[in-house]
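Below is one structure, written out as structure tokens; comments come after it.
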Amino acid sequence: MTGPDNWQKSSFSGGGDGNNCLELASTPAPATTLHLRESDTPTTVLTTTPTALAHLLAGIRAHAVPAQA
């Protein structure tokens, strides 16, 4: 299986060519899948759905998910 080729950096990554950023890519329907990776370890990819990611982000915003140090 080949991975997506449409990786986009997070807008929170800042400018420049730094390797300290989150990248996201998607695969099309029928079942949209999201792929997440850190730019400094691009071979490690997490795969999820838009709904699951939205729930995680909502929990983070509501401080329901503790921050890691």
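The values are calculated or read from the model by the stated rules, or taken from the named source; none is laboratory data. Just so we're clear, the structure is a prediction, and the values are computed from it rather than from any experiment. All Cβ positions, even for glycine, are placed from backbone atoms using ideal geometry, and neighbour counts span all protein chains on display. We work out accessible area using only protein heavy atoms, side chains counted, and drop any ligands, DNA or RNA first. Shrake-Rupley method; radii C 1.70, N 1.55, O 1.52, S 1.80 Å.
Observations
- Residues in segment 9-19 that are modelled with pLDDT of 70 or more and more than 19 Å from ALA52 (Cα to Cα): LYS9, SER11.
- Looking at PRO30, PRO4, just one residue is part of a loop (DSSP other than H, G, I, E, B), modelled with pLDDT under 85 and surrounded by 11 or more Cβ atoms within 10 Å (Cβ to Cβ), and that residue is PRO4.
- Single unsatisfied condition, HIS63 versus (1) modelled with pLDDT under 75; (2) open to solvent by 70 Å² or more (accessible area, probe 1.4 Å): (1)
- Subset of segment 33-59 that is touching a strand residue (DSSP E or B) at 6+ places or on another chain (Cβ under 7 Å) and in a loop (DSSP other than H, G, I, E, B) - its residue that is most open to solvent (accessible area, probe 1.4 Å): THR49
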